[in-house]
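Data block below; observations after.
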Amino acid sequence: MRLKLTRSYRLAVVARGKKLHTLKVSRRVKVHTPPRMYQENTTKPERIRKKQEAFKIVFPGNFSIEKGLEDAIFYTNKVRDFKARHFSHLFLDLSKIKNIDLVCIVMLLSSVNQVASRRIPVFGNQPLDPICNDIFNKSGFLSHMNKISGGKFTSSDEHNLIVKIGTDKANPDLIGKTNLKAVKLLTGKEFHFKKINSMVGEMAGNTMEFAYSINKHYLYCYNYCGGDEITFVFSDVGYGIINTLNKSVGHIIKDSVTFKDKLAVLSGAFEKKYGSKTEEVNRNQGLPFIKSLSSEGSVKDLIVITNDVYLDFNSSDKSKVLSNKYSGTVYAWKVNKIILDNYSSI
C-alpha cells in the first residue's frame, strides 16, 4: 500500500533540508574579521605614532615662590595630573628656568612621585642657567631620579638632603636623624632640637591622616648654602589644610556674614578656631603649635602654601589668595645658629 504525503509535510521536509545544507556550509567556511582594535589602528595610524612620542612640558623662566609662585603651582599641577593615554612618557623641559628655589623643587618632586606611582616614565633636562643648574644639582632632587643609561645619581653633598617617607606612620626616627644632620652643619655638634622634631611630627601626622590614600608620602628636606642659617621644607600631596577643616554652624554663619576669604580661614585654623573633619579631640592641635614656634622665634620666615592660599607668618602683606590651587601642603622655614645656640644652652 502506497502512502501519499500531505503538502504541508513535504514542505517541512524541504525546509529542513535547506537548513541542514546551510549549517554544513557554515561549518566548512569560516570568515575571520579583524579585531576591533586592529581595525581602529589601521584606520588611525596617528594614534600609533603618538604613542611613541613624549608629552613635553616646558617650564617658564621663573620657578620660585618669590618671582613665580602662580606659575610654579600651575606647572607642578600639570605634571601631577598627566595621564599617559596616547603618549609613551612625560618629558620635563627645565632648560629655560632663570629663577629657582628649594620650595618649588620639592613641589615638583612631589608631583613627579605621583606620576611615577602610576608607572609612567618621566624624563627631563636641567636648567641651562649656571646658577639655577647649581641650585638644582645640589638640592638633592637628582638623588630620587634614575639615569637613562641605568643606575641612580649619587650625591656626596651632606649640605642638602631630601627624604621621602611613604608609610602609614609619621616615622619620627627618620625625622630625628635628618634634623641631627642639619643641626651638626650649623653648630658642629649633634643634638636633638626637640621643638623642630615635634613640629615636623605634627606635619607628618596630618599627612598620614589626610593625604591621598594612594602613594601616601611626604617629602622633608634641608638645604645649607653656607652662612649661619639652614632652610627646611616639608611637603605632602593631599587634600590640603582648608579642605580638611570642619567648621561649626556658628562659624559658617559668622564667616559668611563678614565675607571672610580663605586667607582668613587658614589663619583661623592656626589659631585653633576650627576642628578637623575627623572630629577627634586631639586633632588639629598641631597647627597652633606650629604657629607658636614662629611667634616665639624658634623658627624664622615660616610660610605655608595649601589649596589656594599663601600664608606668610611674618608678613600679612605678603600673604594672599592664589589663582591656582595646590593639592596638598608645603611648609618652609629657616633656623639659624643663634636659635640653636640658645636652645642648647638651656
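The values are calculated or read from the model by the stated rules, or taken from the named source; none is laboratory data. Not measured: the values here are computed from a predicted model. Glycine gets a Cβ as well: all are built from the backbone with ideal geometry, and neighbour counts include every protein chain shown.
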Just need a number here: residues in region 106-133 that are under 18 Å from N62 (Cβ atoms) and either free of Cβ contacts under 8 Å to residues at least 12 places away in the same chain or surrounded by 22 or more Cβ atoms within 10 Å (Cβ to Cβ) (or both). 9
Sole exception among (1) modelled with pLDDT of 95 or more; (2) over 18 Å from the mean Cα position of the chain (by Cα) for E70, by number: (2)
Take region 119-150 and flag every residue that is farther than 29 Å from Y310 by Cα and among the basic types (K, R). R119, K147
When you scan region 99-133, how many residues do you find that are touching a strand residue (DSSP E or B) at 6+ places or on another chain (Cβ under 7 Å) and not in a helix (DSSP H, G or I)? 9
